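Let me begin by presenting the structure, written as structure tokens, before commenting on it.
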Amino acid sequence: MTGARIVLAKPGLDGHDRGLKVVAMALRDAGAEVIYLGLRVPVADIVAAAVAEDADVIGISVLSGAHLPIAEQLLTAMRAAGVEAPLAVGGTIPPRDVAALRRLGVAGVFAVGTPLPGVVEGVLRLASPEVAAR
């Protein structure tokens with residue numbers, strides 16, 4: 001599957017983005033168009049980029065432990081802007097928080113330690129219905 005447009009960002013106060021850059025390169029190598037927004041990106045900027053880029057998936061990485069409030073803020077802003085792209089959250093996600101993220105509306109959860117091929121496959125799977133409709 002190729003052609004998926006994926007917006008990736010590091011919201012919040014995280015200062016480490018090496019893992020997300022590895023994911024970005026792997027997605028690119030799998031044929032996706034990756035728009036990497038960088039570190040400490042405000043939620044409003046993530047949503048604006050998703051609209052401007054017609055994103056098929058939005059992916060964020062959170063290592064600080066603030067994944068629940070950040071995901072909630074982002075999903076609220078996405079809904080307000082009419083963004084229907086699925087949200088994938090990766091990072092330091094305790095198993096007990098996976099169900100809570102899903103209840104909020106997160107489509108994919110990729111905790112630290114998820115094998116890279118599984119992350120790529122999972123994110124591209126999230127994009128496939130939107131990409132196929134083009």
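The values are calculated or read from the model by the stated rules, or taken from the named source; none is laboratory data. Since the model is a prediction, treat every value here as computed from it, not as a measurement. All Cβ positions, even for glycine, are placed from backbone atoms using ideal geometry, and neighbour counts span all protein chains on display. When the accessible area is computed, the model is the full protein with side chains, heavy atoms only, and any ligands, DNA or RNA have been set aside. Shrake-Rupley method; radii C 1.70, N 1.55, O 1.52, S 1.80 Å.
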Exercise for the section: Consider ARG102 carefully, then state whether it is without any contact (Cβ under 8 Å) to a residue 40 or more places away in the chain, under 14 Å from the mean Cα position of the chain (by Cα) and farther than 14 Å from VAL23 by Cβ. Expected result: yes
Practice task
Determine, yes or no, whether ALA55 is surrounded by fewer than 18 Cβ atoms within 10 Å (Cβ to Cβ), in contact (Cβ under 8 Å) with a residue 12 or more places away in the chain and either of a type in the set (A, V, I, L, M) or farther than 25 Å from VAL22 by Cβ (or both).
Solution key: no
Completion exercise
Selection from region 85-103 of residues open to solvent by 50 Å² or more (accessible area, probe 1.4 Å) and touching a Leu at 6+ places or on another chain (Cβ under 8 Å) yields THR92
Problem - Scan of region 1-22 for residues that are hydrophobic (A, V, I, L, M, F, W, C), open to solvent by 20 Å² or more (accessible area, probe 1.4 Å) and more than 18 Å from HIS67 (Cα to Cα), ordered by number - result: MET1, VAL22
Exercise for the section: Inspect all residues belonging to region 23-40 and state whether any of them is at positive phi, open to solvent by 50 Å² or more (accessible area, probe 1.4 Å) and not aromatic (Phe, Trp, Tyr). Expected result: yes
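Taking LEU74 as the residue in question, decide whether it is assigned to a helix (DSSP H, G or I), modelled with pLDDT of 95 or more, open to solvent by less than 30 Å² (accessible area, probe 1.4 Å) and closer than 16 Å to GLY12 by Cα.
When the stated conditions are applied, LEU74 passes them.
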